[in-house]
Amino acid sequence: MRCTPFRHLLILIVLLPLSSVPLWSTEGYQLPPKEIVDLIDAPLSPQVQFGPSEDRAVLMQRNFLTSLEELSETELRLAGLRIKPDLDGPSRQSPVNRLRILQVESGEVREISGLPEKLRLIYWQWSPSGDHGSFGQITSDGIELWVVDLKKAEARRLMDDRLSLTARIEPVWIDDQSLVTTVVPKDRGPAPRQARIPRGPVIQENLGKKAAAVTFQDLLANQHDERLFDYYMTSQPVIVGLDGKVETLGNPAIYWNIEPSPNGELLLVQSLHRPYSYLVPAFRFPKTTEVWNLQGETVHAAYERPLQESVPTAYGSVSKGPRQFDWRADAPATLVWAEARDDGDAGKEAEVRDEIFQQPSPFETKPQSLIRLGYRYNDIQWHDGELAIASSWWWKTRGLRAWRIQPDHPDFEPVLVKERSWEDRYSDPGSPMMETNAYGRRVLKTTPDGSSLFLAGPGASPEGDRPFLDRWNLETGEATRLFRSEAPYYESPVRLLDDEGHHLLTRRESVEEVPNYFIRHLDKPAEGKDLERLTDFPHPTPQLKGIEKKLLKYQREDGVQLTATLYTPNGYDPQRDGPLPMLMWAYPREFKSADAAGQVDDSPYRFDRVGWWSQIMWLTQGYAVLDDPKMPIVGEGEAEPNDTFRSQLVANAKAAVDEVVRLGVAKPGHIAIGGHSYGAFMTANLLAHSDLFAAGIARSGAYNRTLTPFGFQSEERTLWEAPEVYATMSPFMHAEKIDEPILLIHGEADNNPGTYPMQSDRFYNALKGHGAVARLVKLPLESHGYRARESILHMLWETHRWLEQYVAFTEIHSEVPEAAGGR
């Protein structure tokens, strides 16, 4: 082949020393191609939040991206929490910037007068009747409490006091006339200052007690952190009336939860106190649970929970003693809670795991046992004294159980109404539809005669998800199908609008139609009369119309069924156009059943919203995308999935590659593999233990499992119990085997347990030490998920360059790795 001047330049580059030839050098943040920028900048459809009475909703518009300037504002990371000290509230919020009212019956959209000129809304809450709503308004001076009269479509600020939302206690309605919330104490004084000279060493001590814990992030580290935690977490509870009158309750403390009783006469109050811990986050600090009256007086001391540093690491383990306190939604003021009967240790053999109790106000009678569970308690969905559904789960078997109970008749023998594996999506009977009761609480919706519930579910099937609505008889267990989504749409039930189940609010979408809301009249099946449009949100990315989306089904070499979603550009024909360069994006999951692992878990008819996490944007650059090719890691019976992690992972990937090559859509040597978090871990493993891919893109991953020694993902065993598993699964231990280019991207402020940024730092150093082709990109200020526009667009620029350099059909593709890696 004749050497062009460009080829002579490449040959010259190959001969230069590696250290003098950076793959590409950059300063500052870069932009990907304009087509991708436009997709990322596309506006979000409004979020629709329906009120308690189903006759109105609010439309909330927010920006998808934030700015680096906002992300760079002062942030404190204390005991697992991230807060903005200037706001006395949580950091990294996505505030609503436009609020409107939607009338469900007419479809009319109303603007609201009196809203702040620059709306920055967080924590919307409906009043019990749905006639009012409240929210927090972010300002330069803190967070204000605002209220909206939804009948009049008028908004106003409710009080002058600044809210204290560092513990994320949202203002909550007591009744239709008042709310309870927490504010910044008036006499708080200045924040503690860091001493220039340390007062002493930081000391932790253990006196022979086992206290294993997962690798939590953002923990307290010293006494100064403790003082900051005290300062910013301390708040003052108040009751605020719609007339603006403010009544103080109790004394300032570190309040963790405040929940009014359904009748609005009592408050369930939980607060944290010392001793703190440098090993676990705030939710495991000592906690006091009390019931107060509306004057702030303690009328019932429910439980004093000690520091929780020693919760066993077996999945499904919980704290000893009472936990999960809540109000019974169908009763005036009845407290409900769970207590472990296995010492909270899921590793112990036990017939009874949890017992659920209730105790009505004034809490003078002995607590009544509602049910004893062989699985771990999840929750109770209430209806009335004759009906409630208690649900429980168990990790080792992936089991779910649901029991019918009669709360007003504790002697009633619970009836098992559902038992299944949560892995088996095809057997999912759906979840009960809910309605608002007289207390403004969500409870089970029954038929008028009380004989049946309404169940809605995703409707998983071999053809993909087809959401449904059933009427389910409580006595016979017989289900009558009322609605099922039909191709080419994905239509899911949202709420029932009448008692008989004739009028159903749905959310409908298709590949080319953005999700919108409709009223489906199930009693008017005649064509054209059964569907009434409620919203008409426009397509945010019309430039993607016409893309091909196809559900693929194929087999692993051992017979396990696999699926994936294939995206190709508009007008593409593999027979006419030949194969395309491809990006596969995946995430492995563990299963206890090979049959369940092979089930289809998505729909080919869903609309794809483009975000930083999305891969379909690469269609605009001439790539095919194989999204979510299934990577099941199966361990049936007593076998542990991770004992054969590597071999199963490679078999999954090989099956996916073989299928797209068979279809003529992709070509060996031009397929990249990528993933985020555990998907990044997967990517590094596939590059180390196979030659299936031309390059890898690993975002925010963990690569050395010895740094997560008390378990990770679905692995319950510790490093000391299964050292060979930890070593075998860690791509850090096999860095010398990676001979394909790998791009590592990580947020410098990653707070996800196990994926702290050091994981990428150390892995990159190992790769570099073995002469690999690797690039490490650290995104300042970013956490596990990325938020700033500048960061996201630069991440996509890096990804685009990597794909173009190592995966695209280019003349220089085969030569650049040699120049960059010198291998």
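The values are calculated or read from the model by the stated rules, or taken from the named source; none is laboratory data. Note that this is a predicted model, so its numbers are computed, not measured. Cβ placement follows ideal geometry from the backbone for every residue including glycine, while neighbour counts extend to all protein chains displayed. With ligands, DNA and RNA removed, areas are computed over all heavy atoms of the protein, side chains included. Shrake-Rupley method; radii C 1.70, N 1.55, O 1.52, S 1.80 Å.
Points worth noting:
- Taking the criterion of being closer than 21 Å to Asp601 by Cα and surrounded by fewer than 20 Cβ atoms within 10 Å (Cβ to Cβ), the residues of the stretch 616-634 that qualify are Asp627, Asp628.
Rundown of residues vs (1) open to solvent by 30 Å² or more (accessible area, probe 1.4 Å); (2) at pLDDT 95 or above; (3) more than 21 Å from Gly669 (Cβ to Cβ), yes/no style:
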| position | (1), (2), (3) |
| --- | --- |
| Glu548 | yes, yes, yes |
| Glu557 | yes, yes, yes |
| Ala564 | no, yes, no |
| Tyr572 | yes, yes, no |
| Pro581 | no, yes, no |
| Met584 | no, yes, no |
| Tyr587 | yes, yes, yes |
| Glu590 | no, yes, yes |
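- Scanning the stretch 244-278 for residues that are open to solvent by 60 Å² or more (accessible area, probe 1.4 Å) and either farther than 21 Å from Pro185 by Cβ or aromatic (Phe, Trp, Tyr) (or both) yields a total of 2.
- Hey, Arg401 among the basic types (Lys, Arg), touching a residue at least 24 places away in the same chain (Cβ under 8 Å), over 29 Å from Ser427 (Cβ atoms) and touching a Phe, Trp or Tyr at 6+ places or on another chain (Cβ under 9 Å) or not: no
- The number of residues in the stretch 515-527 being surrounded by fewer than 18 Cβ atoms within 10 Å (Cβ to Cβ) and assigned to a loop (DSSP other than H, G, I, E, B) comes to 6.
- Conditions (1) open to solvent by less than 60 Å² (accessible area, probe 1.4 Å); (2) over 24 Å from the mean Cα position of the chain (by Cα); (3) in contact (Cβ under 8 Å) with a residue 60 or more places away in the chain: number failed by Pro488: (1)
- Taking every residue in the stretch 567-582 that is of a type in the set (Phe, Trp, Tyr) and pairing it with any residue that is surrounded by 22 or more Cβ atoms within 10 Å (Cβ to Cβ) and part of a strand (DSSP E or B), at least 6 positions away or on another chain, the pairs with Cβ-Cβ distances below 9 Å are Tyr567/Ala624; Tyr567/Val625; Tyr567/Leu626; Tyr572/Ala624.
- Residue in the stretch 774-790 that is surrounded by the most Cβ atoms within 10 Å (Cβ to Cβ), counting only those that are assigned to a loop (DSSP other than H, G, I, E, B) and charged (D, E, K, R): Glu782
- Note on the stretch 756-782: residues that are in contact (Cβ under 8 Å) with a residue 24 or more places away in the chain, in contact with a strand residue (DSSP E or B) (Cβ under 7 Å, 6 or more places away or on another chain) and among the charged types (D, E, K, R) total 3.
- In the condition set (1) among the acidic types (Asp, Glu); (2) in contact with a Leu (Cβ under 9 Å, 6 or more places away or on another chain); (3) open to solvent by less than 70 Å² (accessible area, probe 1.4 Å); (4) within 24 Å of Asp628 (Cα to Cα), Asp530 is compliant with all but (4).
- Enumeration of residues in the stretch 434-485 that are in a loop (DSSP other than H, G, I, E, B), open to solvent by less than 40 Å² (accessible area, probe 1.4 Å) and closer than 30 Å to Asp176 by Cβ: Asn437, Gly440, Lys445, Thr447, Gly450
- Residue match in the stretch 499-511 (condition: open to solvent by less than 30 Å² (accessible area, probe 1.4 Å), assigned to a strand (DSSP E or B), within 15 Å of Phe607 (Cα to Cα) and of a type in the set (Asp, Glu)): yes
- Counting only residues that are open to solvent by 20 Å² or more (accessible area, probe 1.4 Å), more than 23 Å from the chain's Cα centre (by Cα) and closer than 30 Å to Glu108 by Cα, the stretch 57-87 holds 0 of them.
- Among the residues of this structure, Trp292 does not count as one that is among the aromatic types (Phe, Trp, Tyr) and closer than 20 Å to Pro407 by Cα.
This table checks each residue for (1) open to solvent by less than 40 Å² (accessible area, probe 1.4 Å); (2) within 30 Å of Phe216 (Cβ to Cβ); (3) basic (Lys, Arg).
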site	(1), (2), (3)
Gly89	yes, yes, no
Asn97	no, no, no
Glu111	no, no, no
Ile122	yes, yes, no
Gln125	no, yes, no
Gly130	yes, no, no
Gly136	yes, yes, no
Leu145	yes, no, no
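- When Arg556, Arg508 are checked against the criterion of being basic (Lys, Arg) and free of Cβ contacts under 8 Å to residues at least 40 places away in the same chain, a single residue qualifies: Arg508.
- Listed conditions (1) free of Cβ contacts under 8 Å to residues at least 24 places away in the same chain; (2) over 29 Å from the mean Cα position of the chain (by Cα) are all met by Gln137, apart from (2).
- Among the residues of the stretch 743-771, the ones that are surrounded by fewer than 17 Cβ atoms within 10 Å (Cβ to Cβ) and assigned to a helix (DSSP H, G or I) come to 6 in all.
Residue by residue, here is whether (1) crowded, with 23+ Cβ neighbours inside 10 Å; (2) over 30 Å from Leu781 (Cβ atoms); (3) within 22 Å of the chain's Cα centre (by Cα) holds:
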{"site": "Ile671", "(1), (2), (3)": "yes, yes, no"}
{"site": "Arg699", "(1), (2), (3)": "yes, no, yes"}
{"site": "Asn704", "(1), (2), (3)": "no, no, no"}
{"site": "Leu707", "(1), (2), (3)": "no, no, no"}
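- If the condition is being small (Gly, Ala, Ser) and in a helix (DSSP H, G or I), then the stretch 656-667 contributes only Ala656.
- Residue-level check: of (1) touching a residue at least 60 places away in the same chain (Cβ under 8 Å); (2) more than 30 Å from Tyr315 (Cβ to Cβ); (3) assigned to a strand (DSSP E or B); (4) not small (Gly, Ala, Ser), Asn263 misses just (3).
- Residues in the stretch 278-325 that are touching a residue at least 60 places away in the same chain (Cβ under 8 Å), touching a helix residue (DSSP H, G or I) at 6+ places or on another chain (Cβ under 9 Å) and of a type in the set (Gly, Ala, Ser): Ala282 only.
- Flag for Gly598 being free of Cβ contacts under 8 Å to residues at least 60 places away in the same chain and among the small types (Gly, Ala, Ser): yes
- Any hit, the stretch 797-809, residues being modelled with pLDDT under 90, part of a loop (DSSP other than H, G, I, E, B) and open to solvent by 10 Å² or more (accessible area, probe 1.4 Å): no
- When the stretch 186-215 is filtered for residues that are buried (at least 17 other Cβ atoms within 10 Å of the Cβ) and either touching a Cys at 6+ places or on another chain (Cβ under 8 Å) or of a type outside the set (Gly, Ala, Ser) (or both), only Thr215 remains.
- Among the residues of the stretch 60-79, those identified as assigned to a strand (DSSP E or B) and closer than 27 Å to Leu39 by Cβ are Met60, Gln61, Arg62, Thr66.
- Residue within the stretch 597-609 that is at positive phi and not β-branched (Val, Ile, Thr) present: no
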